[in-house]
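J.: The structure under discussion is supplied below as structure tokens; questions concerning it will follow.
The values are calculated or read from the model by the stated rules, or taken from the named source; none is laboratory data. A quick note: this is a predicted structure, and the numbers were derived from the prediction, not measured. All Cβ positions, glycine included, derive from the backbone under ideal geometry; neighbour counts span all protein chains shown.
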Amino acid sequence: MTIRQVATTPFDDQKPGTSGLRKKVSAFQQPRYVENFVQSIFDCIENRQGATLVVGGDGRYFNREVIQTTLKMAAANGFARIIVGRGGLFSTPAASCIIRKRKAIGGVVLSASHNPGGPQGDFGIKFNVSHGGPAPESVTDAIYARTKVIDRYRIVDAPDLDLDRLGEVKLGDATIEVVDPVADYVALMETLIDFERIAALFASGFRMRFDAMSAVTGPYAKAILEECLGAPAGTVMNGKPLPDFGGHHPDPNPVHAADLISLMNGPDAPDFGAASDGDGDRNMIVAPGLFVTPSDSLAILTAQAHLAPGYRSGLAGVARSMPTSRAVDRVAERLGIACYETPTGWKYFANLLDEGLITLCGEESAGTGSNHVREKDGVWAVLLWLNILAVTGKRADAIVREHWATFGRDYYARHDYEEVDAAAAQGLTASLRERLSTLPGQSYAGLTVEACDDFAYTDPVDGSVTSSQGIRILFREDARAVFRLSGTGTVGATLRVYLERFEKDPGRHGAATADVLAPVAAAANAIADIEAHTGRASPSIIT
Ligand code: G16
């Protein structure tokens, strides 16, 4: 088997975003495009000679081809052992789990997360470092710098490997180990979650639906819910991973998981509903007749995590991304633990987790996780909810309402303006930034601006500063609006406007979210002049 050095020239669009390099499949299909990016990653891994690497993806269209290329390049770049999930599959949290367990130097995770798949859809390549989480900015900056000067890549000349057979094969000097992508993850869950109590709950007739959205969590959810915990067959919907996710958008929110939402709102609603996304790191929780916002879910899990074996001794602290509602802050205050506010992106939680400053963390974008891995973890969040339901014996909707009665309710919504002209979106945020100092004291739609800023974060562990992470507008009326441009879109720009309003009085917890937030939305529109900048009179999607 020979190692080839292949001459190449740089592409100018390989800058990793919030979560690795994400583009249309057609971009990745250009000759040398994958090779350039993967070689740039490898060039930035010091000490890769003789190290272990994990490779896997969410099974979307083009996954198998890129896995084969990555394995051949890894073998040519000095890695001694490359662990790959059977069929080329690993959910993102399972990849994180195995990187940690097998002490790998890192992992190449192929996914565009919740973005659509198929030939016209999106693809992505992300590098996770040895703690199991997404590479920090210093590393992604180095990878990007490398993509701009790359002039050769290394690959072994070999036929494609059989990824469907478990076991080890040699590729050049490297050993390729094809593993069951589910087994280690299930074993980890058993150490954290009370499987016996949940099995007893299912045995008592409790019914749930888990919508795997034809994406990677189907095999994980079936193994855990239906095989280990005894939930009836059919509990997992859309459980077979498909390269195009069945034509659906694998984003677990009330818009894209509409079937599950209507089931949960119907007369035969099961006791509990949940969904996960393309690569299994996001989650959606639905109680009968009640969608639980990710921000509320984080707050509720923080308040109740001690009911699960993995968190019995309490939490060191918690963290949320800045646009996530402040519901968890109130719980942390009550528990007497620290609550950190970080920029959007899971990588910002890594130092806090590594230093033991926090145990749980989460984001409004449907991500919740803990110190068990260094990624958000959809199936884990669902299991922790089930653990809480099993121990308390309460209905999920009752848990939510009791939480609001104790801590108050944060009405919350996100308005997304998708595929906006990129320059127009930049213009909107630039104009807002320029006017920030003039806003305090001004009134819009009956709300008065108390304070505002452009969020910047100083990492308490390494002191690194990340600036321009979104514009926060606080109103005197216990409301907040946040403006931020997405880092995961692949066409134009997506403007996200995050709206929230706190209501302490339990007598007012039954209102419609849209009604409560209407003045906040009106104030946000007036402040940012969204229509004038983008030409959009209303958001493309509200979740
Ligand atoms: C990624 C990150 C998340 C982050 C999200 C934000 O999610 O992993 O930590 O919250 O992006 O997305 P945006 O920049 O579009 O608001 P995922 O699930 O796509 O990997």
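J.: Can you name every residue in segment 395-433 that is assigned to a loop (DSSP other than H, G, I, E, B) and over 28 Å from the mean Cα position of the chain (by Cα)?
T.: Those that are assigned to a loop (DSSP other than H, G, I, E, B) and over 28 Å from the mean Cα position of the chain (by Cα): none in segment 395-433.
J.: Restrict the check to segment 326-333 and report whether at least one residue is of a type in the set (Asp, Glu) and more than 15 Å from ILE388 (Cα to Cα).
T.: Yes, segment 326-333 has at least one match.
J.: Out of everything in segment 3-25 that is part of a loop (DSSP other than H, G, I, E, B) and among the charged types (D, E, K, R), what residue ends up being farthest from the ligand (Cβ to nearest atom)?
T.: ASP12
J.: State which residue pairs qualify: first residue under 19 Å from LEU383 (Cα atoms) and inside segment 305-325, second residue aromatic (Phe, Trp, Tyr) and away from the ligand (no atom under 16 Å from the Cβ) in any location, beta carbons under 7 Å apart, and separation of 6 or more residues or different chains.
T.: Filtered contacts from segment 305-325: ALA305/TYR311.
J.: Restricting to segment 53-71, name every residue that is within 18 Å of ASP180 (Cβ to Cβ), of a type in the set (D, E, K, R) and part of a helix (DSSP H, G or I).
T.: ARG64
J.: Please go through segment 169-178 and give me each residue that is surrounded by 19 or more Cβ atoms within 10 Å (Cβ to Cβ) and more than 23 Å from CYS44 (Cα to Cα), ordered by number.
T.: If the condition is that a residue be surrounded by 19 or more Cβ atoms within 10 Å (Cβ to Cβ) and more than 23 Å from CYS44 (Cα to Cα), then VAL178 is the only one that fits.
J.: Scan (1) touching a strand residue (DSSP E or B) at 6+ places or on another chain (Cβ under 7 Å); (2) at negative phi; (3) surrounded by fewer than 20 Cβ atoms within 10 Å (Cβ to Cβ) for the single condition GLY510 breaks and write down its number.
T.: All conditions are met except number (1).
J.: Determine the pairs where a residue that is assigned by TED's automatic domain parsing to the domain that holds PRO267, located within segment 281-298, has a partner that is part of a helix (DSSP H, G or I) and among the small types (Gly, Ala, Ser) with Cβ atoms under 6 Å apart, the partner being 6 or more residues away or on another chain.
T.: These pairs meet every condition: ASP281/GLY378; ARG282/GLY378; ASN283/GLY378; ASN283/ALA381; ILE285/SER297; ALA287/ALA396; SER295/ALA327; ASP296/ALA327.
J.: Mind checking whether some residue in segment 471-480 is among the small types (Gly, Ala, Ser), surrounded by 16 or more Cβ atoms within 10 Å (Cβ to Cβ) and over 25 Å from ASN115 (Cα atoms)? Give the derivation first.
T.: Pass one, segment 471-480, residues among the small types (Gly, Ala, Ser): 479.
If we keep only those that are surrounded by 16 or more Cβ atoms within 10 Å (Cβ to Cβ) as well, we get 479.
Then keep just the ones that are over 25 Å from ASN115 (Cα atoms); that gives 479.
Yes, segment 471-480 contains a residue that is among the small types (Gly, Ala, Ser), surrounded by 16 or more Cβ atoms within 10 Å (Cβ to Cβ) and over 25 Å from ASN115 (Cα atoms).
J.: Quick check, is LEU383 more than 16 Å from the ligand (Cβ to nearest atom) and either aromatic (Phe, Trp, Tyr) or outside any strand (DSSP E or B) (or both)?
T.: yes
J.: Quick one: would you say ALA521 is under 25 Å from ALA257 (Cα atoms), aliphatic (A, V, I, L, M) and either touching a Ser or Thr at 6+ places or on another chain (Cβ under 9 Å) or free of Cβ contacts under 8 Å to residues at least 12 places away in the same chain (or both)?
T.: no
J.: Can you spot a residue in segment 287-302 that is under 30 Å from SER138 (Cα atoms) and touching a helix residue (DSSP H, G or I) at 6+ places or on another chain (Cβ under 6 Å)?
T.: yes
J.: Now, a different point. List pairs: first in segment 484-502 and farther than 17 Å from GLY427 by Cα, second hydroxyl-bearing (Ser, Thr, Tyr) and not in a strand (DSSP E or B), Cβ under 8 Å, 6+ apart or cross-chain?
T.: The qualifying pairs are THR488/SER19; THR488/SER113; GLU500/SER295; GLU500/SER325.
J.: In addition: Take the residues in segment 72-92 that are in a helix (DSSP H, G or I) and of a type outside the set (A, V, I, L, M), then tell me which one is nearest to the ligand (Cβ to nearest atom).
T.: THR92
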